[in-house]
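Participant: Got a structure here, written out as structure tokens. Questions coming.
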Amino acid sequence: MGRLTSQKYIYVISASGQPLMPTTRQGHVRRLLNAGKARITSHVPFVIQLKYYPGDGTQPLHGGTDPGRMNIGEAVLNGKGEVVFKAHVTTRNRDIPKLMSDRRQHRQASRRGERLARKRLAKQLGTTFKGLMERILPGCDRPVKLKDIINTEARFNNRKRPAGWLTPTAAQLVRTHLNMVRKICSILPVTDWTLEINKFAFMRMEDGSVRGIDFQNGRLKNYDSVKDYIHAIQNGRCACCGRPIEHFHHIVPRSKGGSDVPENIIGLCKDCHDRIHKGDKDTRARLDKVGLKKKYGALSVLNQAIPYISDGLTDMFGSENVHGCYGFRTQEYRTTHDIGKDHPEDAVCIAAIGCGLDTVTDSLTAYEVQQFRRHDRQIVKAQRERTYKLDGVTVAKNRTPRFEQPKDMPALSVWYRNEVFAKGKTAADTELSRLTVTKSKRYYNDLHRLMPGAEFMYRGKVYILYGNSNGGRRFINKDIPPKGYVSRSACKVLKHNSGLVYIPMNIT
């Protein structure tokens, strides 16, 4: 018979779910499986659970993390310096700003719909007022102009950030690092952990007075917003011509993944802003000189996350079993022992430094771990537009123009205005009365659908689900021969999406 797995180590957990020492005895493991004394709980990595109690004889294991925003290195060493686990983790941290922006847009659209509903109700009941009215809302220094109806109380005034609040990107990064450590500790009895403190984290973590919250008291402290901060550091002047700032320009457009951090925003006057968006080369060159690629001496998202990662590791292992090392120590150890420059190899060096090992034996291939989105609570999958037809021909869609309404298909209000201009109001009203209307229709997501990142088996091999089609009846993975997809009925689902997913290697 062939090998159970191409990896050197098989990870073992007890009948009660506690991790035991890994083994390389694949023949012994096969006999346990055939005799019904163990069962396979995971194929990647290969993990078995014993159905009997062999005792609690474990030895110290030392873990190490090479932290990063998009790429994380993880490694675990035993007391002899042998690498028993190694992994490279690809995070989805860059997706968070886009998701937060989408959520803000959905909430704004929902609240706008609520306001319009209140206006329509007020109009029906005759409780609207004519003209403009001013009202000072709680939390506002200046009066707000109101039209038609009185607005509700400002909700933002009731929101308070708790102590130790982190930005969504930093909070997600902290959870990713700690969840990966927990995932490793579920199959290995790790006793100590070492975290690398990146070279740009200039606050000393061993100083007890420097905690997570102090990493947030940086550039934006005492400023109400990023725009106020940019306005202050540019003295209120356009970066190109020196006139007063009127617009704030994203250096990397948000449509291309640019964020709202100060490094990506610059203050410009209206004319310079227009010229940049029109592709004026002289203005672009001027902007390059004054700071298109500007970098502020400030804390990165990783700097914000590292103290919280350290606190999380302390909660798991205890303060005496959590160690730290600086980047230059990792580089020295790697150079001295001729170890490769990659995230998992850096993690090996970090773990070795933390437990004081002078020699390391590494014969493993690193696992590839990819982070997937675990939950998608979007209920509406798609919504068909309201359609207006004249003699069976579609002439308009939507009552009023939606965002990016196609020019070849106007909204009803635009179509009617064009008809009035071309044929006169009487003829336009006649055609308007002949229109037939097809209301919009919503299509809903199945909230219990299988999410990308699930693990399934097809013809004896394990694959990761990257998408589905035909209402979930077809699984998509480009590695499935010959077309990159397969019918769900021919597959066996092994695991649902667990967030951090091991990418299968060659299973024999």
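Participant: From the list Gly36, Gly55, Gly63, Gly68, which residue is in a strand (DSSP E or B) and either touching a helix residue (DSSP H, G or I) at 6+ places or on another chain (Cβ under 8 Å) or not aliphatic (A, V, I, L, M) (or both)? Write out each step before concluding.
Facilitator: On the way: Gly36 fails: in a strand (DSSP E or B); Gly55 fails: in a strand (DSSP E or B); Gly68 fails: in a strand (DSSP E or B).
Checking each option against the conditions leaves just Gly63.
Participant: Pairs, please: C-beta under 6 Å, at least 6 apart or cross-chain, first residue touching a residue at least 40 places away in the same chain (Cβ under 8 Å) and under 20 Å from Pro307 (Cβ atoms) and in the range 67-81, second of a type outside the set (Val, Ile, Thr) and part of a strand (DSSP E or B)?
Facilitator: Gly73/Asp66; Glu74/Ala87
Participant: All but one of (1) more than 29 Å from Gly324 (Cβ to Cβ); (2) in a loop (DSSP other than H, G, I, E, B) hold for Asp102; state the number of the condition that does not hold.
Facilitator: With respect to (1) more than 29 Å from Gly324 (Cβ to Cβ); (2) in a loop (DSSP other than H, G, I, E, B), Asp102 is out only on (2).
Participant: For the range 384-407, give me the residue count where each residue is within 19 Å of Arg442 (Cα to Cα), basic (Lys, Arg) and part of a strand (DSSP E or B).
Facilitator: 1
Participant: Can you tell me how many residues within the range 481-495 are modelled with pLDDT of 90 or more and either under 14 Å from Gly460 (Cβ atoms) or touching a Leu at 6+ places or on another chain (Cβ under 9 Å) (or both)?
Facilitator: Residues meeting the conditions: 6.
Participant: May I pose another question? If you take the residues of the range 311-359 that are among the basic types (Lys, Arg) and either assigned to a helix (DSSP H, G or I) or not assigned by TED's automatic domain parsing to the domain that holds Asn179 (or both), which of them is farthest from Val369 (Cα to Cα)?
Facilitator: Arg329
Participant: I want to confirm something. Restricting to the range 395-446 and keeping residues that are under 28 Å from Gln378 (Cα atoms) and β-branched (Val, Ile, Thr), which single residue is surrounded by the most Cβ atoms within 10 Å (Cβ to Cβ)?
Facilitator: Thr438
Participant: Another question, if that's okay. When the residues of the range 457-478 are filtered to those that are modelled with pLDDT under 90, in a strand (DSSP E or B) and not aliphatic (A, V, I, L, M), which remaining residue is surrounded by the fewest Cβ atoms within 10 Å (Cβ to Cβ)?
Facilitator: Among those that are modelled with pLDDT under 90, in a strand (DSSP E or B) and not aliphatic (A, V, I, L, M), it is Ser469.
Participant: Inside the range 487-507, can you point out the residues that are under 19 Å from Tyr367 (Cα atoms), part of a strand (DSSP E or B) and out of contact with any Ser or Thr (no Cβ under 9 Å at 6 or more places or on another chain)?
Facilitator: Val501
Participant: May I ask you to say which residue of Lys461, Lys425, Lys441 is of a type in the set (Lys, Arg) and more than 40 Å from the chain's Cα centre (by Cα)?
Facilitator: Just a single option satisfies the conditions, and that option is Lys425.
Participant: Consider the range 88-110. How many of its residues are in contact with a Lys or Arg (Cβ under 9 Å, 6 or more places away or on another chain) and either small (Gly, Ala, Ser) or under 13 Å from Cys349 (Cα atoms) (or both)? Steps first, please.
Facilitator: Applying the first criterion (in contact with a Lys or Arg (Cβ under 9 Å, 6 or more places away or on another chain)) to the range 88-110 yields 91-95, 97-99, 101.
Now restrict to residues that are either small (Gly, Ala, Ser) or under 13 Å from Cys349 (Cα atoms) (or both): 101.
Total satisfying the criteria: 1.
Participant: Within the group Phe475, Phe421, which residue is in contact with a Cys (Cβ under 8 Å, 6 or more places away or on another chain) and outside the structural domain of Lys86 (by TED's automatic domain parsing)?
Facilitator: Phe475
Participant: While we're on this one: Of all residues in the range 440-453, count the ones that are closer than 19 Å to Gly484 by Cβ and touching a Ser or Thr at 6+ places or on another chain (Cβ under 9 Å).
Facilitator: Adding up the residues that qualify gives 1.
Participant: Only residues that are out of contact with any strand residue (DSSP E or B) (no Cβ under 8 Å at 6 or more places or on another chain), acidic (Asp, Glu) and modelled with pLDDT of 75 or more: list them for the range 118-164, please.
Facilitator: Of everything in the range 118-164, just one residue is out of contact with any strand residue (DSSP E or B) (no Cβ under 8 Å at 6 or more places or on another chain), acidic (Asp, Glu) and modelled with pLDDT of 75 or more, namely Asp141.
Participant: Applying the selection to the range 248-299, what residues are at pLDDT 70 or above, in a loop (DSSP other than H, G, I, E, B) and either under 21 Å from Ala232 (Cβ atoms) or not assigned by TED's automatic domain parsing to the domain that holds Arg237 (or both)?
Facilitator: Answer for the range 248-299, where residues must be at pLDDT 70 or above, in a loop (DSSP other than H, G, I, E, B) and either under 21 Å from Ala232 (Cβ atoms) or not assigned by TED's automatic domain parsing to the domain that holds Arg237 (or both): Ile251, Ser259, Asp260, Val261, Cys269.
Participant: If you take the residues of the range 409-455 that are out of contact with any strand residue (DSSP E or B) (no Cβ under 7 Å at 6 or more places or on another chain) and acidic (Asp, Glu), which of them is modelled with the lowest pLDDT?
Facilitator: Asp446
The values are calculated or read from the model by the stated rules, or taken from the named source; none is laboratory data. Computed from a predicted structure; not experimentally measured. Reconstructed Cβ throughout: ideal geometry from the backbone, glycine too, with neighbour counts over all protein chains shown.
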